[in-house]
Ligand code: ADP
Ligand code: MG
């Protein structure tokens with residue numbers, strides 16, 4: 001079946017039956033090649049799972065229609081293969097500008113696709129036996145590193161942590177439902193989710209003598225994948241029953257469901273069924289419920305009904321504590337200076353901070369050398385560059401000169417009077433701290449001074465900061481001004 005209009009040629013004349021069928025043949029051959037290429041690109045398994053039921057709707061003007069039997073498959077193919085289909089079609093047929101992927105099964109040229117039965121992957125249900133030891137019925141492994149014990153608590157995350165602990169300790173009487181954890185990337189959402197699941201699987205419900213608790217924990221993406229697979233294998237009832245039989249349902253990265261209407265709908269029903277049955281839900285996302293625009297209103301409303309806990313950006317203190325904990329766990333002695341340096345420089349999130357520390361430790365182990373500040377700067381050169389706050393030496397000189405009311409030219413002059421020399425030293429110190437310039441480079445920018453002069457300035461200022469609180473405050477103030 002050819003879509004309406006495809007039997008009218010571009011010049012407007014109605015094609016004869018003969019022309020049409022030869023066009024059909026062409027199109028069918030092209031479609032065969034597009035499918036073949038896609039199959040070799042994505043591999044057989046993926047192809048069979050998602051793409052085998054595609055059929056060609058026809059060519060209408062510059063638009064090719066590809067059909068799939070269900071909305072779910074259509075959505076999946078659109079998001080995951082839409083761009084590739086477009087590109088492959090355009091390469092195959094110059095007339096094609098767009099590929100429209102829609103629901104329908106009127107196969108054109110390649111007969112009805114045979115139904116494919118695929119068993120859905122097991123749901124991440126962790127059951128706990130009578131004896132309390134974990135019997136994981138699933139391939140979804142919990143990460144043993146992500147426990148409460150390994151989670152460093154500080155001001156920015158203490159509330160989220162307390163809420164997570166509460167769920168882990170008394171899942172049958174939490175007092176709020178759902179728990180909604182949110183925060184930017186790398187701030188510990190998955191860690192906390194994992195810690196809850198881990199704790200419940202290991203110890204059961206501690207408030208009820210360790211009674212077994214069944215937990216389903218998965219990412220929203222997995223949820224969608226399993227849901228679709230269940231539809232394809234006509235086992236949605238089982239899927240629903242499995243999910244609705246758990247005590248605690250945990251979905252990570254819920255923002256993934258934005259725009260995935262059918263899966264969202266299913267999640268909403270599961271959510272309601274579980275809440276009605278008095279079961280606990282924990283959800284994480286990168287934004288608060290009210291900021292998750294794109295989720296249906298009723299879903300957002302329900303999500304916001306329980307406890308909403310925010311993981312804030314890390315503070316300097318928390319970063320130091322995390323670094324200390326991780327270094328201790330790794331059994332490597334990392335000097336305080338190095339930890340401070342890292343905590344100052346890598347402020348984006350815990351994942352990056354951790355990555356930097358791991359690299360340092362690996363390097364130290366590999367070469368059997370102690371971790372030093374110099375080595376740190378060398379090993380992490382690329383990371384530090386990316387995190388460089390892009391404060392320039394000129395800026396530092398200007399701000400410092402303004403602060404102590406001296407001329408900018410005095411930063412480079414040979415004058416040694418204390419009133420000039422001290423601010424110059426502070427500027428060198430800040431240049432060392434806030435930029436990734438080397439000592440010789442800094443020296444050059446301060447009237448071609450030697451790198452030992454810069455080194456001396458840096459240690460002199462550090463010393464003064466220790467001894468003189470007012471001076472320390474001045475330097476700290478300057479630093480903050482420059483960082484913002
Ligand atoms: P998110 O899911 O929010 O993107 P993750 O939970 O994956 O972030 O955390 C990223 C990394 O940082 C993980 O290795 C995690 O263990 C670590 N991490 C985050 N916060 C903390 C913390 N407070 N204490 C210890 N490790 C943390
Ligand atoms: Mg995560």
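Annotations for the structure displayed:
- Restricted to the stretch 164-188, and to residues there that are part of a helix (DSSP H, G or I) and surrounded by fewer than 23 Cβ atoms within 10 Å (Cβ to Cβ), the residue that is farthest from ligand 2 (Cβ to nearest atom) is 169.
- Condition check for residue 234 on (1) surrounded by fewer than 19 Cβ atoms within 10 Å (Cβ to Cβ); (2) within 16 Å of ligand 1 (Cβ to nearest atom): one failure, at (2).
- Where residue 173 falls short, out of the listed (1) in contact (Cβ under 8 Å) with a residue 60 or more places away in the chain; (2) more than 13 Å from ligand 1 (Cβ to nearest atom); (3) out of contact with any helix residue (DSSP H, G or I) (no Cβ under 6 Å at 6 or more places or on another chain); (4) more than 21 Å from residue 145 (Cβ to Cβ): (1)
- Filter result for residue 282 (buried (at least 19 other Cβ atoms within 10 Å of the Cβ), within 16 Å of ligand 1 (Cβ to nearest atom) and more than 20 Å from residue 80 (Cα to Cα)): yes
- For the stretch 367-484, the helices (runs of 4 or more DSSP H) that sit wholly inside it and include 1 or more residues that are at pLDDT 90 or above and over 34 Å from the mean Cα position of the chain (by Cα) are 393-403, 418-434, 439-445, 451-467, 469-483.
- Residue within the stretch 69-78 that is surrounded by 21 or more Cβ atoms within 10 Å (Cβ to Cβ) and more than 32 Å from the chain's Cα centre (by Cα) present: no
- Qualifying residue in the stretch 330-342 (condition: farther than 28 Å from residue 391 by Cβ, surrounded by fewer than 17 Cβ atoms within 10 Å (Cβ to Cβ) and within 12 Å of ligand 1 (Cβ to nearest atom)): no
- Sub-7 Å Cβ pairs linking a first residue in the stretch 307-335 that is closer than 23 Å to residue 253 by Cα to a second residue that is in a helix (DSSP H, G or I) and more than 13 Å from ligand 1 (Cβ to nearest atom), at least 6 apart or interchain, are 307/163; 308/289; 309/163, ordered by first then second residue.
- A count restricted to the stretch 190-208 and to residues that are in contact with a helix residue (DSSP H, G or I) (Cβ under 7 Å, 6 or more places away or on another chain), under 14 Å from residue 148 (Cβ atoms) and away from ligand 2 (no atom under 16 Å from the Cβ) stands at 3.
- Annotation: of all residues in the stretch 146-161 being assigned to a helix (DSSP H, G or I) and in contact (Cβ under 8 Å) with a residue 12 or more places away in the chain, the one that is surrounded by the most Cβ atoms within 10 Å (Cβ to Cβ) is 160.
- Note on the stretch 317-363: among residues that are assigned to a loop (DSSP other than H, G, I, E, B) and over 18 Å from residue 374 (Cα atoms), the one that is modelled with the lowest pLDDT is 348.
- When the criteria are applied in full, residue 251 meets the requirement of being under 17 Å from residue 270 (Cα atoms), within 16 Å of ligand 1 (Cβ to nearest atom), crowded, with 17+ Cβ neighbours inside 10 Å and modelled with pLDDT of 95 or more.
- The lone exception for residue 314 - which of (1) farther than 21 Å from residue 75 by Cβ; (2) within 12 Å of ligand 1 (Cβ to nearest atom); (3) part of a helix (DSSP H, G or I) it fails: (3)
The values are calculated or read from the model by the stated rules, or taken from the named source; none is laboratory data. Given the structure is predicted, the values throughout are model-derived calculations rather than measurements. Here Cβ is always computed from backbone atoms with ideal geometry, including for glycine, and neighbour counts include all displayed protein chains.
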